[in-house]
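Following: one structure in structure tokens, then a few remarks.
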Amino acid sequence: MTLYVSPCACSMSCHIAFEEAKLKFEPMISKWDEVKKFNPQGAVPVLQLDDGKILTQNLAILTYAADLSPASDLLPKVGTFERAETYKWASFVASDLHPAFSPLFGEDTPENERKESVDYIYGLLDIAEAHLTGKTYLAAEHFTIADAYMFTVYNWTRGLKIPTDKYRNLNAYAGRIAERPAVQAVMKREGLLK
């Protein structure tokens, strides 16, 4: 399998999941235009299977990684509340938090729209901050695909210089996840660590 990713992009969540699952895969650091032959949207992540089949979209690839490695417990067992919670938080990131950052990546976004986006992001982060009170992970007693996705998107606040000092729970949470060996390996591979 080949996983196409771009450094610091949302695809890092899938990169982390594949590493955590200890799957045999080739990570391919690519430019946006290189993936257009696999994904008409020209966006990562893109997973090319050994038989040539193509899978796109974070939630699909995160779920696929978890299903390929049930022992990794990246997705709790079918029928459990923890599984539903994992999907809830992964969906929260995919549907709400991730898109909220989009206007901030455009150089021509007016300042008032940037401020509105940051305010909206803060509202979403307030929800995650409150939820993480007394918790180590978002959805279960262990690391899941929801954590891979939240960690990736939350780290965008650093690159965009969005102050997060008030988020004690989220910052502690992100710090714990950053120390995981699989996450360290991905961050080094993507050029975020030396």
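The values are calculated or read from the model by the stated rules, or taken from the named source; none is laboratory data. The model shown is predicted, which means the values in this text are computed figures rather than measured ones. With ideal geometry, Cβ positions are generated from the backbone for all residues, glycine too; neighbour counts draw on all protein chains shown. With ligands, DNA and RNA removed, areas are computed over all heavy atoms of the protein, side chains included. Shrake-Rupley method; radii C 1.70, N 1.55, O 1.52, S 1.80 Å.
The table for this structure:
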{"quantity": "Qualifying residues in region 95-117 (those that are open to solvent by less than 30 Å² (accessible area, probe 1.4 Å) and part of a helix (DSSP H, G or I)) - the one nearest to D147 (Cα to Cα)", "calculated": "L97"}
{"quantity": "Number of the condition not met by K53 [criteria: (1) under 17 Å from T2 (Cβ atoms); (2) open to solvent by 20 Å² or more (accessible area, probe 1.4 Å); (3) out of contact with any strand residue (DSSP E or B) (no Cβ under 9 Å at 6 or more places or on another chain)]", "calculated": "(3)"}
{"quantity": "Flag if G175 is closer than 21 Å to C8 by Cα, open to solvent by 30 Å² or more (accessible area, probe 1.4 Å) and free of Cβ contacts under 8 Å to residues at least 12 places away in the same chain", "calculated": "yes"}
{"quantity": "Hey, T144 modelled with pLDDT of 95 or more, open to solvent by less than 30 Å² (accessible area, probe 1.4 Å) and more than 20 Å from L75 (Cα to Cα) or not", "calculated": "no"}
{"quantity": "Single unsatisfied condition, K22 versus (1) part of a loop (DSSP other than H, G, I, E, B); (2) modelled with pLDDT under 95; (3) touching a Ser or Thr at 6+ places or on another chain (Cβ under 8 Å)", "calculated": "(2)"}
{"quantity": "Pairs, first buried (at least 19 other Cβ atoms within 10 Å of the Cβ) in region 36-48, second in a helix (DSSP H, G or I), C-beta under 6 Å, six or more apart", "calculated": "V44/V35; P45/C14; P45/I61; V46/V35; L47/I61"}
